[in-house]
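The values are calculated or read from the model by the stated rules, or taken from the named source; none is laboratory data. These figures come from a predicted structure and were not determined experimentally. Note: ideal-geometry Cβ built from the backbone for every residue, glycine included; neighbour counts use all protein chains shown. With ligands, DNA and RNA removed, areas are computed over all heavy atoms of the protein, side chains included. Shrake-Rupley method; radii C 1.70, N 1.55, O 1.52, S 1.80 Å.
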Amino acid sequence: MNIKAVVFDLDGLMIDSERLVQKTWNIAGEAMGYGQLGEHIYHTLGFNVQKRKAYFQAVYGQDFPFDEFRAKTKEAWNTAIAKQHVPAKKGLYHLLDVLKKHDIKMGVATSSSKEYAFGELKDKQIDTYFDAFVFGDMVKEAKPSPEIYLRSCELLQVEPRHAVALEDSKHGIRSAYDAGMMSIFVPDLVSDSSDIDDIISAKLKDLDEVAQWILKHK
(Lines give C-alpha, C1' and ligand atoms only; values in the text may rest on other atoms or scores of the structure.)
Protein backbone atom coordinates (compact mmCIF):
# COMPACT_ATOMS: atom_id res chain seq x y z
CA MET A 1 0.00 0.00 0.00
CA ASN A 2 3.02 2.29 0.45
CA ILE A 3 1.55 4.24 3.37
CA LYS A 4 3.39 7.54 3.71
CA ALA A 5 1.07 9.41 6.08
CA VAL A 6 -1.69 8.87 8.63
CA VAL A 7 -4.19 11.64 9.34
CA PHE A 8 -6.10 11.63 12.63
CA ASP A 9 -9.49 12.97 13.54
CA LEU A 10 -9.57 14.27 17.14
CA ASP A 11 -12.84 13.95 19.06
CA GLY A 12 -13.92 10.37 19.56
CA LEU A 13 -10.78 9.13 17.81
CA MET A 14 -7.81 10.42 19.78
CA ILE A 15 -9.66 11.62 22.86
CA ASP A 16 -12.74 10.23 24.60
CA SER A 17 -14.72 13.45 24.37
CA GLU A 18 -17.94 12.72 22.50
CA ARG A 19 -19.89 11.42 25.50
CA LEU A 20 -18.94 14.50 27.50
CA VAL A 21 -19.98 16.73 24.60
CA GLN A 22 -23.31 14.91 24.49
CA LYS A 23 -23.76 15.53 28.22
CA THR A 24 -23.03 19.26 27.83
CA TRP A 25 -25.64 19.49 25.04
CA ASN A 26 -28.20 17.98 27.41
CA ILE A 27 -27.27 20.47 30.14
CA ALA A 28 -27.46 23.44 27.75
CA GLY A 29 -30.72 22.26 26.18
CA GLU A 30 -32.39 21.87 29.55
CA ALA A 31 -31.21 25.31 30.67
CA MET A 32 -32.61 26.89 27.48
CA GLY A 33 -35.97 25.14 27.67
CA TYR A 34 -35.38 22.84 24.69
CA GLY A 35 -35.01 19.69 26.73
CA GLN A 36 -32.14 17.28 26.27
CA LEU A 37 -30.37 17.93 22.97
CA GLY A 38 -27.63 15.33 23.30
CA GLU A 39 -29.23 12.87 20.88
CA HIS A 40 -28.54 15.29 18.04
CA ILE A 41 -24.83 14.53 18.28
CA TYR A 42 -25.43 11.33 16.29
CA HIS A 43 -26.49 13.44 13.30
CA THR A 44 -23.67 15.98 13.55
CA LEU A 45 -20.51 13.96 14.20
CA GLY A 46 -17.72 15.46 12.11
CA PHE A 47 -19.51 18.76 11.53
CA ASN A 48 -17.80 22.09 12.12
CA VAL A 49 -19.50 24.98 13.95
CA GLN A 50 -21.15 26.45 10.87
CA LYS A 51 -22.60 23.16 9.71
CA ARG A 52 -23.77 22.31 13.23
CA LYS A 53 -25.50 25.69 13.46
CA ALA A 54 -27.27 25.04 10.16
CA TYR A 55 -28.39 21.65 11.45
CA PHE A 56 -29.96 23.03 14.64
CA GLN A 57 -31.64 25.84 12.73
CA ALA A 58 -33.07 23.31 10.28
CA VAL A 59 -34.49 21.27 13.16
CA TYR A 60 -35.65 24.04 15.50
CA GLY A 61 -36.05 27.01 13.17
CA GLN A 62 -33.92 29.94 12.12
CA ASP A 63 -34.46 31.63 15.48
CA PHE A 64 -32.74 28.84 17.40
CA PRO A 65 -30.28 30.70 19.70
CA PHE A 66 -27.19 28.81 18.60
CA ASP A 67 -24.70 31.29 20.09
CA GLU A 68 -26.36 30.92 23.48
CA PHE A 69 -26.32 27.14 23.06
CA ARG A 70 -22.59 27.21 22.30
CA ALA A 71 -21.89 29.45 25.29
CA LYS A 72 -23.81 27.20 27.67
CA THR A 73 -22.21 24.01 26.34
CA LYS A 74 -18.76 25.60 26.69
CA GLU A 75 -19.58 26.58 30.28
CA ALA A 76 -20.68 23.02 31.06
CA TRP A 77 -17.59 21.64 29.33
CA ASN A 78 -15.22 23.86 31.33
CA THR A 79 -16.94 22.87 34.56
CA ALA A 80 -16.55 19.18 33.70
CA ILE A 81 -12.89 19.26 32.62
CA ALA A 82 -11.96 21.34 35.67
CA LYS A 83 -12.77 18.20 37.65
CA GLN A 84 -11.27 15.64 35.28
CA HIS A 85 -9.40 15.96 31.99
CA VAL A 86 -10.68 14.23 28.89
CA PRO A 87 -8.80 10.91 28.60
CA ALA A 88 -6.86 9.75 25.58
CA LYS A 89 -8.34 6.82 23.66
CA LYS A 90 -6.84 3.38 24.12
CA GLY A 91 -3.71 2.81 22.08
CA LEU A 92 -3.12 6.44 21.10
CA TYR A 93 0.43 6.77 22.44
CA HIS A 94 1.42 3.35 21.15
CA LEU A 95 0.18 4.19 17.65
CA LEU A 96 1.96 7.55 17.60
CA ASP A 97 5.23 5.90 18.63
CA VAL A 98 4.86 3.19 15.96
CA LEU A 99 4.29 5.78 13.23
CA LYS A 100 7.20 7.89 14.41
CA LYS A 101 9.51 4.87 14.53
CA HIS A 102 8.65 3.99 10.93
CA ASP A 103 8.97 7.57 9.65
CA ILE A 104 5.31 7.81 8.64
CA LYS A 105 4.11 11.38 8.56
CA MET A 106 1.24 12.36 10.83
CA GLY A 107 -1.47 14.98 10.49
CA VAL A 108 -4.60 16.14 12.28
CA ALA A 109 -7.85 16.86 10.41
CA THR A 110 -10.52 17.93 12.87
CA SER A 111 -13.72 19.90 12.53
CA SER A 112 -13.05 21.44 15.93
CA SER A 113 -11.56 24.92 16.28
CA LYS A 114 -7.81 25.50 16.47
CA GLU A 115 -8.06 26.91 19.99
CA TYR A 116 -9.87 23.88 21.38
CA ALA A 117 -8.08 21.20 19.37
CA PHE A 118 -4.56 22.45 19.92
CA GLY A 119 -5.31 22.83 23.61
CA GLU A 120 -6.32 19.17 23.81
CA LEU A 121 -3.27 18.04 21.83
CA LYS A 122 -0.95 19.98 24.14
CA ASP A 123 -2.81 18.69 27.21
CA LYS A 124 -2.11 15.12 26.06
CA GLN A 125 1.50 16.14 25.21
CA ILE A 126 1.19 14.86 21.65
CA ASP A 127 1.22 18.07 19.60
CA THR A 128 4.89 17.60 18.63
CA TYR A 129 4.18 14.28 16.91
CA PHE A 130 2.29 15.91 14.06
CA ASP A 131 3.62 17.40 10.85
CA ALA A 132 0.44 19.21 9.78
CA PHE A 133 -2.80 20.47 11.28
CA VAL A 134 -6.08 21.39 9.61
CA PHE A 135 -8.78 22.69 11.94
CA GLY A 136 -12.45 23.31 11.30
CA ASP A 137 -11.95 27.06 11.08
CA MET A 138 -9.33 26.62 8.31
CA VAL A 139 -11.70 25.19 5.68
CA LYS A 140 -14.80 26.48 3.91
CA GLU A 141 -16.66 23.19 3.76
CA ALA A 142 -17.06 20.77 6.67
CA LYS A 143 -16.93 16.99 6.53
CA PRO A 144 -18.24 15.09 4.59
CA SER A 145 -16.70 17.46 2.06
CA PRO A 146 -13.21 16.18 1.14
CA GLU A 147 -11.69 19.66 1.58
CA ILE A 148 -10.17 19.06 5.02
CA TYR A 149 -8.43 15.85 3.97
CA LEU A 150 -7.24 17.22 0.65
CA ARG A 151 -5.73 20.14 2.55
CA SER A 152 -4.09 17.74 5.02
CA CYS A 153 -2.44 15.73 2.26
CA GLU A 154 -1.30 18.95 0.61
CA LEU A 155 0.38 20.14 3.81
CA LEU A 156 1.92 16.72 4.41
CA GLN A 157 3.13 16.68 0.78
CA VAL A 158 1.76 13.20 0.09
CA GLU A 159 -0.66 11.95 -2.52
CA PRO A 160 -4.03 11.04 -0.99
CA ARG A 161 -3.75 7.44 -2.22
CA HIS A 162 -0.69 7.01 0.02
CA ALA A 163 -2.42 8.37 3.12
CA VAL A 164 -4.72 6.75 5.68
CA ALA A 165 -7.45 8.63 7.53
CA LEU A 166 -8.51 7.49 10.99
CA GLU A 167 -12.13 8.31 11.80
CA ASP A 168 -14.92 7.52 14.26
CA SER A 169 -17.63 9.27 12.21
CA LYS A 170 -19.28 8.35 8.94
CA HIS A 171 -19.09 11.95 7.74
CA GLY A 172 -15.33 11.77 8.27
CA ILE A 173 -15.06 8.46 6.43
CA ARG A 174 -16.90 9.89 3.42
CA SER A 175 -14.70 12.98 3.52
CA ALA A 176 -11.54 10.86 3.36
CA TYR A 177 -12.94 8.55 0.70
CA ASP A 178 -13.88 11.42 -1.59
CA ALA A 179 -10.39 12.85 -1.07
CA GLY A 180 -9.00 9.60 -2.48
CA MET A 181 -7.53 8.29 0.78
CA MET A 182 -7.62 4.94 2.50
CA SER A 183 -9.67 5.06 5.71
CA ILE A 184 -10.04 3.12 8.93
CA PHE A 185 -13.24 3.30 10.95
CA VAL A 186 -12.69 3.13 14.71
CA PRO A 187 -16.20 3.24 16.23
CA ASP A 188 -17.02 5.44 19.20
CA LEU A 189 -20.62 6.63 19.69
CA VAL A 190 -21.70 5.05 16.40
CA SER A 191 -20.74 1.43 15.76
CA ASP A 192 -22.92 0.42 12.79
CA SER A 193 -20.85 0.68 9.62
CA SER A 194 -23.17 -1.12 7.21
CA ASP A 195 -23.56 1.95 4.98
CA ILE A 196 -19.80 2.64 4.74
CA ASP A 197 -18.35 -0.88 4.71
CA ASP A 198 -17.83 -0.66 0.96
CA ILE A 199 -15.60 2.43 1.21
CA ILE A 200 -13.45 1.71 4.28
CA SER A 201 -10.14 -0.13 4.33
CA ALA A 202 -10.79 -1.59 7.78
CA LYS A 203 -13.01 -1.39 10.86
CA LEU A 204 -10.97 -1.78 14.04
CA LYS A 205 -11.93 -1.62 17.70
CA ASP A 206 -9.13 0.66 18.96
CA LEU A 207 -5.87 2.41 18.07
CA ASP A 208 -3.78 -0.56 19.19
CA GLU A 209 -5.41 -2.54 16.39
CA VAL A 210 -4.76 0.36 14.02
CA ALA A 211 -1.03 0.15 14.86
CA GLN A 212 -1.05 -3.56 14.02
CA TRP A 213 -2.90 -2.90 10.75
CA ILE A 214 -0.44 -0.17 9.73
CA LEU A 215 2.57 -2.40 10.42
CA LYS A 216 0.99 -5.20 8.38
CA HIS A 217 0.12 -3.03 5.39
CA LYS A 218 2.80 -0.34 5.28
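Brief remarks on what is shown
- Carbon-plus-sulfur accessible fraction, the chain (probe radius 1.4 Å, protein heavy atoms only): 47%.
- Here each label is just a point 7 Å from Cα along the line to Cβ, and for Met1 and Lys122 those points are 3.3 nm apart.
- Taking all protein chains together and rolling a 1.4 Å probe, Phe130 ends up with roughly 20 Å² accessible.
- Between region 1-28 and region 108-126, the Cα center-to-center distance that results, in Å: 10
- Sum of side-chain charges, Val190 neighbourhood, beta-carbon under 10 Å (Lys, Arg +1; Asp, Glu -1): -3
- Helical mean residue ellipticity (222 nm; -39500 (n - 2.57) per DSSP H run of 4+; nearest 500) of the chain: -13500 deg cm²/dmol
- Value of relative contact order over region 65-155, rounded to a whole percent, pairs C-alpha under 8 Å and six or more apart: 25
- Met32 accessible area, assembled protein chains, probe 1.4 Å, Å²: 30
- Asp103-Lys216 pseudo-label distance in nm [points 7 Å out on the Cα-to-Cβ vector]: 2.5
- Average accessible surface for the chain: 48 Å² per residue, computed with a 1.4 Å probe over protein heavy atoms with every protein chain in place.
- Area accessible to solvent at Arg70, 1.4 Å probe radius, in Å²: 120
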